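*Asks:* Right, I'll just put the structure down here and ask away after.
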Amino acid sequence: MKTLALVLFLMLASITVSTSPASAVQGKWQTYRGAYFEIKYPAGFKARGSQRSDGELYDSAFFAAPDGGVEFYVFSPIWNGEPADIEINESTETYVSQNTQTNRGIKVRRVTIRAKDGSYLRSFEDTENTNTNNRTVFGIKYRDQTVYSKYRQSYLTFKKSIKQFAD
């Protein structure tokens, strides 16, 4: 029995795991510092601040993959605010779905939007806590379902990594 366990251990130890581009991206992360938050994003992505806060830093940012296939988004002001940079552009986009749920003062709006030319889809989740007057929005823009699947785990890791600060 010990011999069988040793053989299995040696076999498993010798297996080479190949990584897809998305899992390779997940290995290295950088930190983006917003006005009242910081968040980790995959190395190689290009960060771009969007809605400026009171000072030099931003309340929202976009993070584009090097291949241009996906872009992550975060909006996290110190208090509430309007994520104007993620809302629909009705001249170039159309709603695929939209729903809102409110429970104990926490309103969660989930939206999926498609480019009218079919070049991308994007989804975002807007969580507004009316009890504490806080708001956080996460979004993802992707070329197609294959690209979404490739970057899904990185996006989930991105969302979980946020650290919010108070004034």
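*Asks:* If you count only protein heavy atoms with a 1.4 Å probe, what accessible area per residue comes out for region 25-167, rounded to a whole Å²?
*Replies:* Computed with neighbouring chains in place, this is 55 Å² per residue.
*Asks:* Quick one: pull the percent of accessible area on region 84-152 belonging to carbon and sulfur, 1.4 Å probe, ligands and nucleic acids left out.
*Replies:* For region 84-152, the apolar C and S fraction of the accessible surface comes to 44 percent.
*Asks:* Rounded to whole Hz and in sequence order, give me ³J(HN,Hα) for region 77-82 from the Karplus expression 6.51 cos²θ - 1.76 cosθ + 1.60, θ = phi - 60°, writing x for Gly and Pro.
*Replies:* Per-residue couplings from phi come out as x, 5, 10, 6, x, 10 Hz.
*Asks:* What are the ³J(HN,Hα) values, in whole Hz, obtained from phi via the Karplus relation 6.51 cos²θ - 1.76 cosθ + 1.60 with θ = phi - 60°, for each residue of region 135-151 in sequence order, with x given for Gly and Pro?
*Replies:* 8, 9, 10, 10, x, 9, 10, 8, 5, 7, 5, 5, 5, 4, 4, 4, 9
*Asks:* Also: Give the separation of the Cα centroids, region 55-82 to region 103-167, in Å.
*Replies:* If you average the Cα positions of each part, the centres end up 10 Å apart.
*Asks:* Over the residues of region 54-127, compute the C-alpha Rg and express it relative to 2.2 N^0.38 Å.
*Replies:* 1.24
*Asks:* Let me ask something else. I'd like to compare 94-104, 56-66, 113-123: which one has the highest average count of other Cβ atoms within 10 Å, and what's the full order after that?
*Replies:* 56-66, 113-123, 94-104
*Asks:* Sticking with this one: Check F37: other-chain or 5+ apart residues with amide H under 5 Å from its amide H, H built from backbone geometry?
*Replies:* F165
*Asks:* Run the reach check for K160 against lysines, Cα to Cα strictly under 22 Å, same-chain hits fewer than 8 apart removed. What comes back?
*Replies:* K28, K40, K46, K107, K141, K150
The values are calculated or read from the model by the stated rules, or taken from the named source; none is laboratory data. Not measured: the values here are computed from a predicted model. Ideal geometry is used to build each Cβ from the backbone, glycine not excepted, and the neighbour counts take in all protein chains shown. Note: accessible area is taken over every heavy atom of the protein model, side chains too, but ligands, DNA and RNA are not part of it. Shrake-Rupley method; radii C 1.70, N 1.55, O 1.52, S 1.80 Å.
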